[in-house]
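Undergrad: This structure is in structure tokens; I'll ask about it shortly.
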Amino acid sequence: MSFIPYSRQDIDEDDVAAVVRVLRSEYLTQGPAVTTFEQAFAARHDVPHAVAVSSATVGLHLGCLALGVGAAGRVWTSPNSFVASANCALHCGAEIDFVDIDPDTRNMSVDALRAKLEHADATSTLPDVLIPVDFSGLPADLREIRLLADRYGFAILEDASHATGASYLNRPVGSAWADTTVFSFHAVKVMTTAEGGMLTTRNDALARRLRLLRSHGVTREPRDMEHEPEGPWCYEQTLLGFNGRMTDIQAALGHSQLMRLDTMHRQRETLADRYDALLAELPLFLPLRLPDRRSARHLYAVEIDDARTSATRAQVVKHMRDAGIGVNVHYIPIHTQPYYTRLGFKRGDFPASERYYARAISLPLFPAMNAEQQSFVVNTLRTVLC
């Protein structure tokens, strides 16, 4: 059997045709395909604004800036994420801190957040922005977080990099609760533009600011200019921005992928359901299911139950990879990375995240995966655990 990765893109002939049409068109970038993709994504997510960017990492950075994060700012996020969820605050010159996870959802713990906010309120160190992460595609407890945001006065920048297509309280992720939400279209994500991302928001002013920041802070819209334009060639830089634009080539692929997002999501759910059944008796903790939300199933992350097996995580990973199964681990807690330990964080600061990491393995899950491959993954896992 050929190598089985933990995830990979799913490209069909419609995707290829969409990209070829752009390659043969007048615009490869800054053309109509980006607007078409944005409008379709906004409609899908029940929001007035979707802003395409070159990556979700850029989206997090611009999101922080658009929400006013600066040198005197404070941002909190989850340690159980990729480093970009925290780096975005540091790139703005702000202070970063973390809120530990709930051991069951692996998302930011509302109880831990509430306790940290109470202490921060008493010491005048409340965050300006909170970045909850929808780990593995399971939406965070956004309703409760919104109530805390309204009480303590911070903005919510939701990191839904794993959660395209997920829903929470019968609404698409990115449609409500957060001030703005970031999605990722990296090649291993739920849908792809190779690299790329999107921000959604209901706030008109925030959307305008995001669009300015992604394109050098430059506008050609007369309504946004400080001076009457001399002619159609005129533009003004009103903010210090960046080049965070998505190309039309990427947008064409993204729009095509969006059109079959439901199909790819059903394929992921079928595989996740089958994993749940096949792994039920193994010494593992399986992903949590909750009735009020639907996961995008970006990752199928399990934890080794070390009370029921002597196999270590390192032994399991080696055994699986030797068999041609590309299991992975998501994530090494951000606060334990060398850069962050130099900022003063240390092991033991966020024990739930560290405990999860010590036992975690992400099993292969992607739409093109077939039952034979999945059975091989499960049987190989069984031989090392039992």
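Undergrad: Hand me the list of strands (runs of 3 or more DSSP E) wholly inside region 106-186 holding 3 or more residues that are at pLDDT below 95 and open to solvent by 50 Å² or more (accessible area, probe 1.4 Å).
TA: The strands (runs of 3 or more DSSP E) meeting that bar number zero.
Undergrad: A further question follows. Checking ALA72 against (1) hydrophobic (A, V, I, L, M, F, W, C); (2) closer than 30 Å to ASP262 by Cβ; (3) open to solvent by 50 Å² or more (accessible area, probe 1.4 Å); (4) not in a helix (DSSP H, G or I), which test does it fail?
TA: All conditions pass for ALA72, except number (2).
Undergrad: Could we say that ALA86 is surrounded by 17 or more Cβ atoms within 10 Å (Cβ to Cβ) and more than 29 Å from ALA301 (Cβ to Cβ) here?
TA: Here the answer is no, as ALA86 does not meet what is asked.
Undergrad: Something else: Can you tell me which residues in region 260-317 are of a type in the set (D, E, K, R), part of a helix (DSSP H, G or I) and touching a residue at least 24 places away in the same chain (Cβ under 8 Å)?
TA: Selection gives ASP262, ARG268, GLU269, ARG274, ARG313.
Undergrad: Here is a further query. If you go through region 361-386, how many residues are among the small types (Gly, Ala, Ser) and either over 14 Å from ARG8 (Cβ atoms) or part of a helix (DSSP H, G or I) (or both)?
TA: Number of matching residues: 2.
Undergrad: Check SER81, SER7 and return the single one that is crowded, with 24+ Cβ neighbours inside 10 Å, on the phi < 0 side of the Ramachandran plot and out of contact with any His (no Cβ under 6 Å at 6 or more places or on another chain).
TA: Criteria check complete, one pass: SER81.
Undergrad: Right, something else. Can you tell me which residues in region 319-351 are hydrophobic (A, V, I, L, M, F, W, C), open to solvent by less than 20 Å² (accessible area, probe 1.4 Å) and farther than 19 Å from GLU95 by Cα?
TA: MET320, ILE325, VAL327
Undergrad: If I go through region 26-37 residue by residue, how many of them are part of a helix (DSSP H, G or I) and either surrounded by fewer than 22 Cβ atoms within 10 Å (Cβ to Cβ) or among the small types (Gly, Ala, Ser) (or both)?
TA: Of the residues in that region, 4 qualify.
The values are calculated or read from the model by the stated rules, or taken from the named source; none is laboratory data. On a predicted model such as this, the values are computed, not experimentally measured, just so you know. Quick reminder, even Gly has a Cβ in these numbers, built from the backbone with ideal geometry, and neighbours come from all protein chains shown. Ligands, DNA and RNA are stripped out before the accessible areas are found, and what is left, the full protein with its side chains, is counted by its heavy atoms. Shrake-Rupley method; radii C 1.70, N 1.55, O 1.52, S 1.80 Å.
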